Structures are given as structure tokens and as C-alpha cells.
């Protein structure tokens, strides 16, 4: 998944943290809600401006920041 157009980084917004589509919702916010046990449908109900594709983009963005496995 190419999340480059869904995850944005703006120096003056949320201290430069990666955000969803230029909104003030950060990738970290989404991941913390999911890690805390919120389901994707619950997250989308609480934040109607988000889409399921936004959530997948957050997951892909975070996964892309992990180191590659050693061979």
C-alpha cells in the first residue's frame, strides 16, 4: 500500500508528527487506540472523518518504520 498521499508530515502541525491526510489525528493516535483495544469500527464511529483506508495507511506507515529482518 502506498500511504504517501494519506500520511502527511507538516512541521507546524502536531509538532511534525505523521498525521492522517493533513488532519490533526496522528498515526500514533490511531495506533494507540487500536493497541488499547478499540476496534476499527469503533475507531471509525468515534472519528467519522477517518476511513478504513486511513487506518490501514497508519498500520503500513508504522510497519515501514520497523527494521528489516536480518537475513
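The values are calculated or read from the model by the stated rules, or taken from the named source; none is laboratory data. Since this is a predicted model, take the numbers as computed values, not measurements. Counting neighbours? That spans all protein chains shown, and the Cβs are built from the backbone with ideal geometry, glycine included.
So the values come out like this:
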item	result
Single residue of segment 1-38 satisfying the filter (over 11 Å from the mean Cα position of the chain (by Cα) and closer than 16 Å to residue 63 by Cβ) that is modelled with the highest pLDDT	35
Some residue of segment 56-67 being assigned to a loop (DSSP other than H, G, I, E, B), at negative phi, surrounded by 12 or more Cβ atoms within 10 Å (Cβ to Cβ) and at pLDDT 95 or above	no
Hits in segment 1-33 - residues which are touching a helix residue (DSSP H, G or I) at 6+ places or on another chain (Cβ under 8 Å), closer than 17 Å to residue 65 by Cβ and either without any contact (Cβ under 8 Å) to a residue 24 or more places away in the chain or surrounded by fewer than 16 Cβ atoms within 10 Å (Cβ to Cβ) (or both)	1, 9, 17, 19, 26, 31
Breaking point among (1) at positive phi; (2) assigned to a helix (DSSP H, G or I), for residue 41	(1)
Among the residues listed as 70, 52, the single one being surrounded by fewer than 16 Cβ atoms within 10 Å (Cβ to Cβ), out of contact with any helix residue (DSSP H, G or I) (no Cβ under 8 Å at 6 or more places or on another chain), free of Cβ contacts under 8 Å to residues at least 24 places away in the same chain and farther than 13 Å from residue 7 by Cα	70
